[in-house]
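The values are calculated or read from the model by the stated rules, or taken from the named source; none is laboratory data. Being a predicted model, the structure only gives us computed values, none of them experimental. Because the Cβ atoms are built from the backbone with ideal geometry, glycine has one as well, and the counts that use them run over all protein chains shown.
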């Protein structure tokens, strides 16, 4: 049996029990909102009502700044926080960190108020939307690794563009912890090396399952992601705020994959058509180039004919004529000189003398007989006439 304790000691012991309890250190309490008051200090105080009990709640200024003006008396809400002991009053209470709407009316007001505030900040401005990559080779998929959404994305990827690698970033996409999971998933996906785009997807379900995608933390995480984000959040009738913040949104995970990934068959047809058009264009260019080259060749030939060949031919003709005239003059001079020399030679020719009736005597060996005194009787000599010669025997030599 314990000894006597003071009030403070008992309160401290009870506080310690609260702090050590894993269950009480992170609570999600559903109830009806009552007595919601914002204090001048910035703190917010309210009560959560159950069917047969109630619990006081405090939302400190640092956390209250994230709660907009939507909470009203009677709203059904989900409070996240921890349970603790408030010693001055000797009561336990919930120290809230966040308040989320559960009722349809509260959710509608909260979504409208948040949408207006984020829209005023420019988070939904079409001008800041980024274009999706034309041929993504690495895509991060933020979703439940066991959900149908991932299977749909993988199926579409294999059928349309298997060259793209998918990296799954596991995240709980519905329920109480979904907001924190999705935010961390988007942060991790955006930090992956070489990732071209991020897909935030989940399968179909009721509208309440999509509530995490209307939370401010998720919306800002979508817009903060450093690479383009495309959403495919089930068969919802109305778009979530994450859809409005994404660079592109699609009604289903399959539609998101089809919007992001090109169809390989279309690409192959496009390549084939481009190759065919390129071949035809090349042939036409070559034909035009050939015609142009032929025209340039003809033009260059004509120009060369006029500017080079014709002047050269005329110059050659003039040089040839000049050479012929010079040769003719030289030939005439040479002919005249030759005729003069021939006339002189003709005048000195022995035949000329012989033609006047004179003869010339030689011995058979061709030795000229110049004097009769060199002859002896009985010697044979040759007598040369103008038109021939005769051999004779010297019978006697008679000097003058």
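Listed values, structure above:
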quantity	calculated
Candidate set: region 91-116, residues that are more than 30 Å from residue 20 (Cβ to Cβ) and modelled with pLDDT of 90 or more; chosen: the one surrounded by the fewest Cβ atoms within 10 Å (Cβ to Cβ)	116
Test set (1) at pLDDT 80 or above; (2) surrounded by fewer than 11 Cβ atoms within 10 Å (Cβ to Cβ) - residue 295 fails condition number	(1)
Test: residue 58 is within 30 Å of residue 229 (Cα to Cα) and out of contact with any helix residue (DSSP H, G or I) (no Cβ under 8 Å at 6 or more places or on another chain)	no
From the options 71, 88, residue that is in contact with a helix residue (DSSP H, G or I) (Cβ under 8 Å, 6 or more places away or on another chain) and either farther than 30 Å from residue 227 by Cα or modelled with pLDDT of 90 or more (or both)	71
Evaluation of residue 229 against (1) at pLDDT 90 or above; (2) out of contact with any helix residue (DSSP H, G or I) (no Cβ under 7 Å at 6 or more places or on another chain) (one fails), failing number	(2)
The listed residue being in contact with a strand residue (DSSP E or B) (Cβ under 7 Å, 6 or more places away or on another chain), surrounded by fewer than 16 Cβ atoms within 10 Å (Cβ to Cβ), modelled with pLDDT of 90 or more and not assigned by TED's automatic domain parsing to the domain that holds residue 63, out of 142, 154	154
Residue list for region 58-82, filter: under 24 Å from residue 16 (Cα atoms) and in contact with a strand residue (DSSP E or B) (Cβ under 6 Å, 6 or more places away or on another chain)	58, 59, 63, 79, 80, 81, 82
Region 243-284, subset part of a loop (DSSP other than H, G, I, E, B) and touching a residue at least 60 places away in the same chain (Cβ under 8 Å), residue surrounded by the fewest Cβ atoms within 10 Å (Cβ to Cβ)	263
Residue within region 83-94 that is under 30 Å from residue 13 (Cα atoms), out of contact with any strand residue (DSSP E or B) (no Cβ under 9 Å at 6 or more places or on another chain), touching a residue at least 40 places away in the same chain (Cβ under 8 Å) and not assigned by TED's automatic domain parsing to the domain that holds residue 187 present	yes
Filter result for the condition that a residue is out of contact with any helix residue (DSSP H, G or I) (no Cβ under 8 Å at 6 or more places or on another chain) and touching a residue at least 40 places away in the same chain (Cβ under 8 Å), over 111, 138	138
Number of the condition not met by residue 35 [criteria: (1) surrounded by fewer than 13 Cβ atoms within 10 Å (Cβ to Cβ); (2) over 55 Å from the mean Cα position of the chain (by Cα)]	(1)
Scan of region 173-199 for residues that are farther than 21 Å from residue 251 by Cβ, surrounded by 17 or more Cβ atoms within 10 Å (Cβ to Cβ) and touching a helix residue (DSSP H, G or I) at 6+ places or on another chain (Cβ under 7 Å), ordered by number	179, 183, 195
